[in-house]
1. Per-residue ellipticity at 222 nm for the chain, helices alone: DSSP H runs ≥ 4 residues times -39500 (n - 2.57), over residue total, nearest 500 deg cm²/dmol?
2. I'd like the Karplus ³J(HN,Hα) series for the range 31-36: coefficients 6.51, -1.76, 1.60, θ = phi - 60°, whole numbers in Hz, and an x wherever there's a Gly or Pro.
3. Scan around residue 15 for amide H atoms under 5 Å from its own, H built in the peptide plane at 1.01 Å from N, and keep only partners 5 or more places away or cross-chain.
4. Rg to Rh for the range 111-161: what is it, with Cα atoms only and Rh by Kirkwood?
5. Based on Cα coordinates alone, diagonalise the gyration tensor for the range 69-155, multiply each eigenvalue by 5, take square roots, and list the semi-axes in whole Å, largest first.
6. Defining a contact as two alpha carbons under 8 Å apart and six or more residues distant in sequence, what relative contact order in percent does the chain show?
7. Averaging over all projection directions, find the projected area of the Cα convex hull of the chain and quote it in nm² with one decimal place.
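Bear in mind that the values in this text are calculations on the coordinates, not laboratory data. Here the structure is a predicted model, which means the values were calculated and not measured.
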Amino acid sequence: MQPDKPFAQVQLITFPATKVAALEHRGNPNLIGDSVRKFIEWRKQNHLPPKVSATFNILYDDPFKTSPDDYRLDICASTARAVVENPFGVVEKIIPAGRCAVLRHFGSDDHLSQSITYLYSQWLPLSGEELRDFPLYLQRVRFFPDVPEHEAISDLFLPLQ
């Protein structure tokens with residue numbers, strides 16, 4: 001995010017309903033890496049690499065305001081296939097269709113909270129828009145290990161009415 005002209009960087013789009021395979025991470029955010037590795041293994045076994053299946057994260061909670069035991073995040077991959085019961089605990093979900101504000105975040109996740117805070121505390125109050133009843137989610141456009149962390153790109157989707 002470039003703070004000198006952030007308002008211009010937010011776009012309004014209509015996101016299509018997207019079926020995803022989701023691994024529900026529940027608990028300490030410091031253990032997300034374990035869930036990611038588990039999900040990568042599921043993806044490999046199901047032949048859904050990021051090049052053919054978009055990667056999403058659904059962010060239910062703010063890790064800075066939620067106790068570690070109560071933290072929730074879904075690690076997802078888009079898929080047209082049914083997600084069958086599996087030992088990894090990956091389940092089928094839908095990211096619903098609807099209007100969204102989209103902000104592109106460049107770089108490491110270390111600064112992701114700044115982009116999210118901008119959307120909620122600066123952009124939203126000035127936009128005249130209202131939130132829809134679905135959590136913020138993001139699509140990993142370019143990410144580690146395919147690119148160095150500082151070259152990562154994530155699109156943040158803020159669901160709107």
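1. Numbers: 4 runs with 29 residues, N = 161.
Mean residue ellipticity at 222 nm (helix-derived): -4500 deg cm²/dmol.
2. Couplings: 9, 4, x, 5, 5, 4 Hz.
3. Those qualifying (amide H under 5 Å, at least 5 residues apart or on another chain) are 98, 99, 100.
4. On the way: Rg = 12.9 Å, Rh = 12.2 Å.
Looking at the range 111-161, the ratio lands at 1.06.
5. Details: eigenvalues 126, 78, 33 Å².
For the range 69-155, the ellipsoid semi-axes come out as 25, 20, 13 Å.
6. Working: 286 pairs, mean separation 48.7, N = 161.
Answer for the chain is 30 percent.
7. Numbers: hull surface 38.1 nm².
So the Cα hull casts an average projection of 9.5 nm².
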